[in-house]
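The values are calculated or read from the model by the stated rules, or taken from the named source; none is laboratory data. Keep in mind it's a predicted model, so treat the numbers as computed, not measured. Every residue, glycine as well, gets a Cβ built from its backbone with ideal geometry; the counts of neighbours run over all protein chains shown. Note: accessible area is taken over every heavy atom of the protein model, side chains too, but ligands, DNA and RNA are not part of it. Shrake-Rupley method; radii C 1.70, N 1.55, O 1.52, S 1.80 Å.
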Amino acid sequence: MRKKIVAGNWKMNKTASETKGLIDALKNQLNPSDVEVMIAPTFVNLHAAVQQTNDSHIEVIAQNMHQAESGAYTGEISAAMLKDIGVETVIIGHSERRAYFGETDAILAEKTKAALDNGLRVVFCFGEELADRQSEKHFELVASQLKNALFTLPSSAWNNIVLAYEPVWAIGTGETASPEQAQEMHAFIRTTLAAAYDDALAQEVSILYGGSVKPANAEEIFGKADVDGGLIGGAALNADDFNAIVTANK
Ligand code: 13P
């Protein structure tokens, strides 16, 4: 079902005590609404964060997972481990995982399948780099990222997938895609989904925008017809800013 969502990707930020403090502040500020609110603290703080948010409408999600069920993968975390501590959703395919940790479309296809097979919901990230946009390859690139990682999945899998379009040139740079650029790409993503599956499915998938979303620009971006919410980095680390962004998703 297409939903309004605002998710905070905390990346490699916040110690255990800082995580607790930020969650306390969010619980005090965020009013229940029809917007789904997710936060993704780092792995070591996930379990405590799940417990701390049990009495709230904030969902704690993971930033990554490994595709194997278990085994000799030092430093990695499995889907079953996430499920066991009460995590229901995992981010897959973030551009930082692609760029710094060598995650290819093929690996991301495996990760997505493993997450779904284990009953997790997936927030799947993708998006072009600046050079792709400058050479007008951004639509082609985004279509291929989706096709390579996701389009062999059955229609039923899409009940548990949220898409997050994050143009790499807008992440952490302060440069946001304009609301028109976001809408243009989100509409293209929906058309691409409709072509691969069908229009009814395409209309049901939530598509988030990510990349320098701030309180000052969130309302205009979220106001676009095919933008269902945001995946927030830097501004998710501050309770006032994150609360303002959640409130902007009307
Ligand atoms: P910023 O909001 O800091 O640009 O980060 C976006 C992001 O990468 C969320 O996953």
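Structural remarks
- Sequence-ordered 3J(HN,Hα) estimates for the range 192-205 from the Karplus curve with 6.51, -1.76 and 1.60 and θ = phi - 60° stand at 5, 5, 5, 5, 7, 10, 7, 5, 4, 5, 4, 6, 8, 7 Hz, glycine and proline given as x.
- 5 angstrom amide H check on residue 92, placed H, neighbours 5+ away: 123, 124, 125
- Span per principal axis, largest first, for the Cα atoms of the chain (Å): 45, 45, 33
- Rounded if a/c under 1.5, otherwise prolate or oblate - the range 48-152, Cα gyration tensor axes: prolate
- For the chain, built as a Gaussian network whose Cα springs stay under 10 Å, the top-fluctuating residue of 168, 87, 44: 44
- Straight-line cross-link partners of residue 20 among the lysines, defined as a Cα under 16 Å from its Cα and at least 8 positions apart when in the same chain: 11.
- Amide H contacts under 5 Å for residue 78, placed H, 5+ residues apart: 66
- Pairs of Cα atoms nearer than 8 Å and 6+ residues apart set the relative contact order; for the range 1-112 it is 22 percent.
- With DNA, RNA and ligands ignored, accessible area of residue 98 (1.4 Å probe; Å², nearest 10): 40 Å²
- Gap separating the Cα centres of the range 1-52 and the range 87-111, nearest whole Å: 20 Å
- Solvent-accessible area, 1.4 Å probe, carbon plus sulfur percent, for the chain: 51 percent
- Placing +1 on the Cβ of every Lys and Arg and -1 on the Cβ of every Asp and Glu, with no other charges, gives the chain a dipole of roughly 320 debye about its Cα centre.
- Net charge dipole, the range 112-222: roughly 360 debye, given to the nearest 20, about the Cα centre with Cβ charges of +1 for Lys and Arg and -1 for Asp and Glu.
- Summed over the residues of the range 48-157 and divided among them, the accessible surface reaches 48 Å² per residue at a probe radius of 1.4 Å.
- Relative contact order computed over the chain (Cα-Cα under 8 Å; 6+ residues apart), in percent: 22 percent
- Which of 51, 99, 40, positive extreme of dipole for the range 1-100 (C-beta unit charges): 99
- Highest mobility in the GNM of the chain, judged by mean-square fluctuation with C-alpha springs under 10 Å and restricted to 25, 109, 236, is found for 25.
- Sparsely packed loop sites in the range 70-105 (the chymotrypsin sites (Phe, Trp or Tyr not before Pro) outside DSSP H, G, I, E and B with at most 13 other Cβ atoms within 10 Å) comprise 73.
- Area accessible to solvent at residue 58, 1.4 Å probe radius, in Å²: 10 Å²
- Average projected area [Cα convex hull, the range 1-110], square nanometres: 7.8 nm²
- Rounded to 5, percent antiparallel among DSSP beta bridges of the chain: 0 percent
- Mean Cα-pair separation over length for the range 175-222, i.e. relative contact order, pairs under 8 Å, 6 or more apart, %: 49 percent
- Working note: 222 nm ellipticity from helices only, DSSP H runs with n ≥ 4, each -39,500 (n - 2.57), summed and divided by the residues of the chain, gives -12500 deg cm²/dmol to the nearest 500.
- Net +/- balance of residues flanking residue 141 in space, Cβ distance below 14 Å, scoring K and R +1, D and E -1: -3
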